[in-house]
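Heads up, the thing below is written out as C-alpha cells.
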Amino acid sequence: MQRWSIHLDLGNDENGNPIPKLRILIYLPLRGRDYALRGWVKPGEETGKRKKRGVVVHLAGGGFTMSVPGRHLNYHMPRSGCVDAFTTDDRCRPENEGHLCRTLCDTLSSVVISPDYAKAPQHPYPVALNQCYALIRWIADPDGLFQFLSTSGTPSIKTFLPSVDPTRIALSGGSSGGNLAAALIVKCMDGPALPLDARIVGLGLLYAMIDVTVPFQEKLKDVPDKSKVLPRWLTRLFLDGYLQELRMPENAEKLRHPYLSPALCSPEQLAKFPKTIVVTAENDYLCKEGEIFADRLENEAGFAIARDGNKKVGDGHGKLWRKTFKNVGHGFDIAPNLTKETQRIHGAAREEAWGMICEAFDQEMSERRRMK
C-alpha cells in the first residue's frame, strides 16, 4: 500500500479550544517512480535514496471552502488516535491534487502528506490553520509520523523508514492552500520550537492567495485576459465563508495579519522565511500579489535569486525561485484541458512549475543541506 488515509486526534490549540479531527493522506514513493518528473530517476530505480530525506506537506486549494465527501472503509490501527482507511472514492479533497502529491513524492523520494483540513463556512479562520500547525508538530514528534510508519506499515515500508527524516519539512500549496502554507511559516516562527528542533526548509507557492486586503477589482486590473479569471461572486463566496465577520469594514486592519495575508509580513519576518518558490499565472487575479511578495523577498529580505523566469541565476542555489507563466490562468496545473492547444500549454507549464518546486526542495531535503 503506497498511500494511507488516516484520521488524527490533534488535541487543543494554544487557546485551549479543541482542534477538529484531521484526515490526512500519506504518500510513500513507488518502486520505479512512474510519476517522477522526466530526467530525475531511472525506470526501475529502487525506492528511497541513500541519504535521509525530509517530509513534504502539500496543502490543496479550494478557496478554503470546497470539499466533496468521499467514501472510506475504516479500520482501527494499533496506534491510539489513528484510523487507517483505504480510499475508494477519489472525488474528495485532497485527492483532487493527488497527481501533484505523487509527483513530489516520487521525484523527491520523500514522504508527502496532504491534509483534508476543515472547510469554511462551517469551520472559518483559524480552524484550518490550527489543524495544519498541529499536523506540522505531529510530523516532527517522535510519537507522530515516525511512530505511525513504524507500527502500521508493511515490511517494505519498514525498509524505507530509515530514509525518512521528519525534522526537515517542506510546505507547498496552491491558491488557498498556498495562503495556509505561507501562514504556517509565520505561525511556526511565533510558536515554540518544533519537536526535535525540526524546521521548515522550503515553501512552494502556486498561484497563492497571500494578500486578502486588496479588493477584487484592484487585483483584476493588471490581468491581460480577464475572461480566464475566477468570477467575482466565487471569490466573494470563498472569502466570506473563511473570514466571515473579519470581512466587515471595521475589521479591515485585522486582515493585514500575516496569518491571513502572509504577503504583508514585516521585513524581519520575511528574512526568516525558508527557500521559497513563487509560481504565478499571467491570467490570474492573484498574479500581482505573488509578484509583489517575490519582490519583497528579494529587496527587503535580501533573498538571492536562484531562478527568475526562464533564467537560472548564479549556481541555482539561491533562496528565491520565481516565474510568472504566460497564457495560463489560475489552477493551470490541475485544471481540465478542453482543447489540444490548452493541453499543450498547460502541460508544459505544469511540468516546469512542478519541476521548479522539486529542484528547489531537493537541495534542502537531504542531510548534506542541514544547517547547524
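The values are calculated or read from the model by the stated rules, or taken from the named source; none is laboratory data. On a predicted model such as this, the values are computed, not experimentally measured, just so you know. Don't worry about glycine lacking a Cβ; one is built from the backbone with ideal geometry, like all the others, and counts go over all protein chains shown. Side chains are part of the model used for accessible areas, which takes the heavy atoms of the whole protein and leaves out ligands, DNA and RNA. Shrake-Rupley method; radii C 1.70, N 1.55, O 1.52, S 1.80 Å.
Using the beta-carbon distance between ASP13 and ARG232 and R0 = 45 Å, what value does 1/(1 + (r/R0)^6) give for FRET efficiency, to the nearest 0.05? About 0.85, to the nearest 0.05. Largest to smallest in accessible area, the residues THR159, THR339 fall in the order THR159, THR339 (1.4 Å probe, all protein chains included).
Here the spin labels are modelled as points 7 Å beyond Cα on the Cα-Cβ line, and at ALA348 and HIS99 they lie 1.8 nm apart.
When each of the peptides 226-234, 276-284 is scored by how many other beta carbons lie within 10 Å of its residues on average, the order from highest to lowest is 276-284, 226-234. Within the same chain, aspartates and glutamates fewer than 8 places from LYS288 are excluded, and of the rest, those with a Cα less than 18 Å from its Cα are ASP211, GLU218, ASP222, ASP225, GLU298, GLU300, ASP308. Averaged over residues, the count of other Cβ atoms within 10 Å places the peptides 160-170, 203-213 in the sequence 203-213, 160-170, highest first. Ranked by solvent-accessible area (1.4 Å probe, protein heavy atoms only, all chains present), the residues PHE146, PHE64 order from largest to smallest as PHE146, PHE64. Be a star and scan segment 320-358 for residues whose amide nitrogen sits under 16 Å from the point 7 Å along the Cα-to-Cβ vector of MET66. Correct set: 329-338.
For segment 237-302, the square roots of the Cα gyration tensor eigenvalues, ordered a ≥ b ≥ c, give a/c of at least 1.5 with a/b no greater than b/c, which places it in the oblate category. A straight chain from ASP315 to LEU338 at 0.36 nm per residue would run longer than the Cα-Cα distance by 4.4 nm. Cross-linked pairs LYS52/LYS119; LYS219/LYS326; LYS119/LYS228: Cα-Cα separations exceed 27 Å for LYS52/LYS119.
In a reduced charge model with +1 at each Lys and Arg Cβ and -1 at each Asp and Glu Cβ, the chain shows a dipole moment near 860 debye about its Cα centre. Comparing mean-square fluctuations of ASN15, ASN337, ASN130 from a GNM of the chain with C-alpha springs under 10 Å, the top value falls on ASN15.
Mind checking which of ASN12, ALA306, VAL214 is farthest towards the positive end of the chain's charge dipole, using Cβ charges of +1 (Lys, Arg) and -1 (Asp, Glu) about the Cα centre? Positive-end residue among those listed: ALA306. Estimate the FRET efficiency between GLN269 and ASP308 by the formula 1/(1 + (r/R0)^6), using the beta-carbon distance for r and 25 Å for R0, to the nearest 0.05. Between GLN269 and ASP308 the formula returns 0.65. Take the Cα of LEU220, go 7 Å toward its beta carbon, and the backbone nitrogen atoms of segment 323-347 under 17 Å from that spot belong to 329-330. With a ≥ b ≥ c taken as the square roots of the eigenvalues of the C-alpha gyration tensor of the chain, please select rounded if a/c is under 1.5 and otherwise prolate if a/b is larger than b/c or oblate if it is not? In terms of gyration-tensor shape, rounded.
In this rough spin-label picture, where each label sits 7 Å from Cα along the Cβ direction, the LYS21-GLN363 distance is 4.2 nm. Estimated from helical segments only, the mean residue ellipticity of the chain at 222 nm is -9500 deg cm²/dmol, where each DSSP H run of four or more residues counts as -39500 (n - 2.57).
Expressed to the nearest 5 percent, the antiparallel share of DSSP beta bridges inside the chain is 45 percent. Taking label positions 7 Å along the Cα-Cβ direction at both ARG247 and ASP295, the computed distance is 2.8 nm, reported to one decimal. Taking the Cα centre of segment 103-180 as reference, the dipole from Cβ charges on Lys and Arg (+1) and Asp and Glu (-1) amounts to some 80 debye. Among complete DSSP H helices in the chain, those whose alpha-carbon atoms stretch at least 24 Å along the helix's long axis and whose mean Kyte-Doolittle hydropathy reaches -1.0 are 340-365.
Of the beta bridges in segment 248-372, as assigned by DSSP with both residues counted there, near 15 percent are antiparallel.
How large, in percent, is the carbon and sulfur part of the accessible surface of segment 313-372 at a probe radius of 1.4 Å? Of all accessible area on segment 313-372, carbon and sulfur atoms account for 52 percent. Seen from ASP295, the other residues with C-beta closer than 12 Å to its C-beta sum to a net charge of -2, counting Lys and Arg as +1 and Asp and Glu as -1.
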